[in-house]
Amino acid sequence: MTMTRRPNATFIALLAAVLATPYAAARAADYPREFIYDTAAGTDEALVNVSLVNHRWPDCTTLESAIRDIFRIEGVTRKPDQDKALALWKWFRILVSSTGGGYAYEGPRGRERIVYDPHKILTVYGHHQCDGLSWAMAPLWRAAGYMAFDECTHGHTTAALRYRDADRHWRYHSFDPQGRFYYWDPKAERVATRTVPVMTAMVYRHVTAPQRLHSLRTSLRIGEAIERRWSNGACVVPSGRPGKPVHPKYYEFRYGRTDGIYAVAGQESQHFGPWPDPKVLRGQLAEGSANVNCTGSGKTLYGPAEAGKPAIFIFRLPPPYVAVEAHFKATLHKARDGDVCNVYLSRDGRPWQRVFEKTRTGPEGVRIDMGRKARTSGKPNAYTAYDIRIKVEMVAAGKPGDVGMSSPSIAVRRMLNKRTLPNLMPGENVFRVAADRIAPGWALRLRLSYRLKGKVAACEHVIGRFPYYFRIDAPGVKLRTIGNYDQDFGNEAVRMLRYRMELVPTRGAKLTRSLPAEKADAAFAKACPHPADMTKRRTPKVLEADPMQTSGFFPQSRAVLKDTDRMNALIRQLNSSGDSSYKAWAAAQELGAYPESVDHLCNRLGNANIDLTLFLCKALAQIGDRRAVEPLLARWAEVPKGAPGTRYIPDALAAIGDRRVVPALVRPLKRVRFDFRFHVARALGILGGPEAAAALRDLAANDPFPAVRAEAKAALEKLKGRSK
C-alpha cells in the first residue's frame, strides 16, 4: 500500500493561506490566559473579598494562593524543583481525600455536567475519581508556573508534573493521587515517570480545566451572615450522576454519613434578611433592581416607587460553595386583583424562573423551597448552583403602597471541603483577616469556636480595618501519627469547629485591637512544615536511559530498524485497530523506528482521532521525513481542535526541519492555549529564521504562562548560539 502524494501545489497553497494573515496583524490580540478569576464587586457588597487565613495552613482561595502557601509552609520556595513537587504531593494528600468516589455533577436537572474545575474539586468536593484528582493536582502545579498534565489510559489516570532535576534536565514525573504513591527512580534518586518513554500506551490528555475558574472569593452584604462549619448536617451533593445507581455501594450517600469519601464534607450556612434601618435597605439590593421604594409604607418594607411600572427587587447570594438547600420566606401583600407580586429564581446567570405567583389579595406569608426537594419534584431550584438570585416583581394597579413585601429572608446551605478551611495546628496559629474594602460605618464581627484538649473555646473580634491579625495558641498538644489521611482528619486534640461572619455598625461597637502587623506578617513569611510523611514510592518497570524519553517532546527515540515483516505486521495492526485501541497506539509508536512506513502513517493521520494522532506524531517525529509535512500541516489547520494529538504536530515539524512551516506554526499562537504555545516555542527554536525569532521574542516577553515564556527564552538562546 502506498500513499497517494498530494502535488507540491497543495503545500504552497497551505503556506499561502497562512501568509495571508501576517504575524504582525495577529499580534493585536493577547495570548489566552489561564486561571481567570471573577473579581467583580457588586453594588450590594458592603465588605468586599474577605478572607480568613491561618499561617500554618494553605490559603486555598485560588490555586495560586494555595501553591504559594504550600511552598512557603514547607520551606521549599528557594529549593530545587523536586522539593517543591514533593511539598505539593504532601499537601494534596492532606487536603483531598483519595478514597475514590464517583464524578461530581452540577447543573439543572437533566442537564447535569461533570465538574472539571480543579478548584471546585479541591475546595468544594474534596474527593473524586482518579482522573478528577489528577485534574486538580496538575493545575495546582501549573499555577506555580510549570507544565503539567493528567496522564491517562482507558483505566487509570495519574498526574504528570514537569520540572528540572538536579542534572539540569527537564522531565515529566508521575504522581498517583488515588493510588497514594509516586513513581521513583532509586538509581537516580528522583521521581520517575509511569512509562518510559512517557505517553507509552497512554496520553497526556487535553486540558480539562476551564479558563475561568472558581475561587473562594467571599463578600458580605449588610444583613447577611455566613457560618462555616467543620461538620455537616447531611448537606452533601452525593457522588455520581444524579438519578443513576452508585457503584460500588461504598460511595452511596446516606443522610448523616461522615465516613469514606464524605469525611471531607463541611458546611456553609448563609442567611440574608433586611436591616431594620430603612436607609440601608436600598443598598442591600443587587444590580438590576428598579422602581423600588425601600422606606416602606403601611406594613411593607419594600414596594413600588411608582404605580403602573414594574418594581424589581433583586437579592443575591453568591458563591463560593455549592448549594444543596435554599429557602425564601417573606410576607407578600396586594390590595386588588390587578396588582402583581411574583417571585423568581436565577441560578448561575441562567434565565429567571417563576417560583411563586401571588393570586390572593391581602397579606400572605410564603416559604418557598428551592433546594433538593424542589429539584426532586421537578420545580425550579438552586440545587448545585453557586450564584443564587431572587427577584421579586411588583406592579401596583392603584396606589404604590397597595402592593409590597415585608420580612424577606433567604437561607442557603452549601457543601464545602473542610480540609481547605483554615485548620488549627498545635502551638502557635496566627490568623489574618483581609478584605479589599468595607463600607464606611460598618465593621466585621467574627466569632470563632474550636476544641482544645476536649474543651470548647471561643473568641470574638470586631474588625474595622484590614488586614487584621489575631492568634490562637494550642500548647501541649501534638498531632497524631496518621497512616491514612483519607479517612481520618480533624480528630486532633486541637481542631476548629466553626466561624461566623456578619457586619455590624461601628457606632456603639467596641473594635478589637489587632496584633502588630510587623510581628504577624513575620509568621506568614516563615516555614512551618506539616509533620505528616506521605512518602510512598513505586519503581516503574522501565527506567529512563536517555532524557529525551521523559522530556515530553518528540522524538523520544533515535532507533532505526529494517525488518519488513515486522513493519508490515505493525501496519496491519494499525489499520485494523480502532483509533482508541491500545493496539493502534502501540503500532503507531513502534512504526517510528521504520522509516519506510512514513506513507502509511501519513495516510492514517488524515482521519485519526485526537489520541491516535498523538502516537502518529510520535512516529513521524522519529522518522523526520519531509513527506509528512503536508499531512501534518493539514491537521495543524484544525487547531485548537484535536488536542492532545495536534499539540505535538510542532514537535514533528521541527524534527523534519523544513523552515517553510514557521508561518503556519506562528499563525494560531494568539488563539490557542498554553500547551500549544509551549510546543510551538520549542519548535521555533529548532527551525529558526527571522519570523521564528520575532515570534519567540513576543512569547518570551508577553506570554502570560511562565513555562511558555521560559521555553521561548531558551529557544532564543538556542538561536543566538547557532548564529555565532
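For this structure, a couple of remarks:
- Inter-residue pairs, beta-carbon under 7 Å, first surrounded by fewer than 17 Cβ atoms within 10 Å (Cβ to Cβ) and in the range 317-346, second among the polar types (S, T, N, Q), 6+ apart: 329/409; 331/406; 331/407; 336/361; 337/361
- Strands (runs of 3 or more DSSP E) contained in the range 311-408 and holding at least 1 residues touching a Cys at 6+ places or on another chain (Cβ under 6 Å) and over 30 Å from residue 61 (Cβ atoms): 322-334, 388-395
- Residue match in the range 560-567 (condition: touching a residue at least 40 places away in the same chain (Cβ under 8 Å) and either touching a helix residue (DSSP H, G or I) at 6+ places or on another chain (Cβ under 6 Å) or not assigned by TED's automatic domain parsing to the domain that holds residue 679 (or both)): no
- Positions within the range 652-668 being surrounded by fewer than 24 Cβ atoms within 10 Å (Cβ to Cβ), of a type outside the set (Val, Ile, Thr) and part of a helix (DSSP H, G or I), in sequence order: 655, 659, 660, 663, 664, 667, 668
- Looking only at the range 348-368, and only at residues there that are within 14 Å of residue 385 (Cα to Cα) and touching an Asp or Glu at 6+ places or on another chain (Cβ under 8 Å), the one that is surrounded by the fewest Cβ atoms within 10 Å (Cβ to Cβ): 349
- Residue 128 meets all of the listed conditions (1) in a helix (DSSP H, G or I); (2) under 30 Å from residue 376 (Cα atoms) but one, namely (1).
- Scanning the range 440-481 for residues that are among the charged types (D, E, K, R) and not in a strand (DSSP E or B) yields a count of 4.
- Scanning the range 586-642 for residues that are in contact (Cβ under 8 Å) with a residue 60 or more places away in the chain and over 18 Å from residue 554 (Cα atoms) yields 599, 600, 603, 630, 634, 637.
Yes/no per residue for (1) assigned to a loop (DSSP other than H, G, I, E, B); (2) on the phi < 0 side of the Ramachandran plot; (3) of a type in the set (A, V, I, L, M):
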{"position": "171", "(1), (2), (3)": "no, yes, no"}
{"position": "175", "(1), (2), (3)": "no, yes, no"}
{"position": "201", "(1), (2), (3)": "yes, no, yes"}
{"position": "208", "(1), (2), (3)": "yes, yes, no"}
{"position": "216", "(1), (2), (3)": "yes, yes, yes"}
{"position": "228", "(1), (2), (3)": "no, yes, no"}
{"position": "231", "(1), (2), (3)": "yes, yes, no"}
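- Entry remark, the range 94-123: residues being part of a helix (DSSP H, G or I) and either among the charged types (D, E, K, R) or crowded, with 24+ Cβ neighbours inside 10 Å (or both) number 7 in total.
- Test: residue 65 is free of Cβ contacts under 8 Å to residues at least 60 places away in the same chain and among the small types (Gly, Ala, Ser): yes
- Checklist (1) at pLDDT below 95; (2) part of a loop (DSSP other than H, G, I, E, B) applied to residue 24, failing item: (2)
- Residues satisfying the stated conditions in the range 154-166, i.e. in contact (Cβ under 8 Å) with a residue 12 or more places away in the chain and surrounded by fewer than 16 Cβ atoms within 10 Å (Cβ to Cβ): 154, 164, 166
- Criterion (touching a Gly at 6+ places or on another chain (Cβ under 9 Å) and surrounded by fewer than 18 Cβ atoms within 10 Å (Cβ to Cβ)) met by exactly one of 408, 475: 475
- Hey, residue 527 hydrophobic (A, V, I, L, M, F, W, C), outside any loop (DSSP other than H, G, I, E, B) and under 32 Å from the mean Cα position of the chain (by Cα) or not: no
- Residues that are at negative phi, surrounded by fewer than 16 Cβ atoms within 10 Å (Cβ to Cβ), touching a residue at least 40 places away in the same chain (Cβ under 8 Å) and not hydroxyl-bearing (Ser, Thr, Tyr) do not occur anywhere in the range 269-282.
- Total residues in the range 124-153, condition surrounded by fewer than 24 Cβ atoms within 10 Å (Cβ to Cβ) and within 21 Å of the chain's Cα centre (by Cα): 8
- When 176, 117, 131, 165 are checked against the criterion of being out of contact with any Lys or Arg (no Cβ under 7 Å at 6 or more places or on another chain), closer than 22 Å to residue 539 by Cβ and acidic (Asp, Glu), a single residue qualifies: 176.
The values are calculated or read from the model by the stated rules, or taken from the named source; none is laboratory data. Keep in mind that this is a model prediction, so the values were computed, not measured. No Cβ is skipped: glycine too gets one built from the backbone with ideal geometry, and neighbour counts run over all protein chains shown.
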